[in-house]
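Written out below as structure tokens is the structure these notes cover.
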Amino acid sequence: MEYLWNFFATYNSTQFVGAFVVLFAIIDIVGTLPIVINLERSGRAVYSGRAALISLVLFIGFMYMGKAFLNLFNLDVSSFAVAGSIIIFILAMEMVMDIEIFRKDNVATNDATFTPVVFPLIAGAGSFTTLLSLRAQYSDFNILLAIFANVAIVYAALKMSRKLEKWLSPGVICIFQKAFGIILLSISVKLFTTNLTIIVGAAN
């Protein structure tokens, strides 16, 4: 009990707000919503509850076991970032070019909850790296509160995606789709080149 009391006693509003804002900016659920709407319009299911739960487990799991997990497979965060950037690039190409790259001929592929919504859009390499950085600055309790608060927002936003699709006209959705597709394409290229440079530099 004393351990729990000491754990809860580490609450600091400044640390909580700081961790929350940083994670909110990295997760960028507002920028993810047009992508989710586009996925649902193309017949791919995105389950808000499942996405929130998986994201929560990944965030907390990586916060405490991320380095050990990567070391187990002799991997690093940059490798995750490169893998995630490829998925983001393919997704962005679908949005901008109106083409179908991900196959939709089976149930697993039709469910877009884990890939690409949870990974790499919500719980990607950027979020994982941020969590490791925050843990070096803030207490675990404040970071956990920030994680729960952000996951709650993710759940609410994904839950509202279908309502937003009904409220917005097809033309407006198309504009958002193209605009965010181009932004996503740029992010994927930057993510790929930056982390590939790190990998190549480490190999030399």
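The set of residues in region 194-204 that are among the polar types (S, T, N, Q), exposed (fewer than 14 other Cβ atoms within 10 Å of the Cβ) and modelled with pLDDT under 80 contains only Asn204. Report yes if Gly126 is within 18 Å of Val46 (Cβ to Cβ), modelled with pLDDT under 80 and part of a helix (DSSP H, G or I), otherwise no. Here the answer is no, as Gly126 does not meet what is asked. Quick check, is Ser85 under 14 Å from the mean Cα position of the chain (by Cα), assigned to a helix (DSSP H, G or I) and modelled with pLDDT under 85? Taking the combined requirement at face value, the residue satisfies it.
Among the residues of region 55-79, just one is more than 20 Å from Ser139 (Cα to Cα), surrounded by 13 or more Cβ atoms within 10 Å (Cβ to Cβ) and at pLDDT 80 or above, namely Ser55. Scanning region 53-76 for residues that are in contact with a Leu (Cβ under 7 Å, 6 or more places away or on another chain) and small (Gly, Ala, Ser) returns a single hit, Gly66.
The number of residues in region 38-54 being more than 20 Å from Ile143 (Cβ to Cβ) and either in a helix (DSSP H, G or I) or in contact with a His (Cβ under 6 Å, 6 or more places away or on another chain) (or both) comes to 8.
In this structure, is Ser48 touching a helix residue (DSSP H, G or I) at 6+ places or on another chain (Cβ under 9 Å), of a type in the set (Ser, Thr, Tyr) and modelled with pLDDT of 80 or more?
Details: touching a helix residue (DSSP H, G or I) at 6+ places or on another chain (Cβ under 9 Å): yes; of a type in the set (Ser, Thr, Tyr): yes; modelled with pLDDT of 80 or more: yes.
Yes: the conditions hold for Ser48.
Looking only at region 1-21, count every residue that is modelled with pLDDT of 85 or more and either buried (at least 19 other Cβ atoms within 10 Å of the Cβ) or among the aromatic types (Phe, Trp, Tyr) (or both) and tell me the total.
Of the residues in region 1-21, 5 are modelled with pLDDT of 85 or more and either buried (at least 19 other Cβ atoms within 10 Å of the Cβ) or among the aromatic types (Phe, Trp, Tyr) (or both).
Out of Leu191, Leu164, Leu134, I need the residue that is modelled with pLDDT of 80 or more and surrounded by 14 or more Cβ atoms within 10 Å (Cβ to Cβ). Which one? Break it down into steps so the answer makes sense when it comes.
Working: Leu191 fails: modelled with pLDDT of 80 or more; Leu164 fails: modelled with pLDDT of 80 or more.
Every option except Leu134 fails the conditions.
The values are calculated or read from the model by the stated rules, or taken from the named source; none is laboratory data. None of these values were measured; they are calculated from a predicted model. Please note: Cβ atoms are built from the backbone with ideal geometry, for glycine as well, and neighbour counts cover all protein chains shown.
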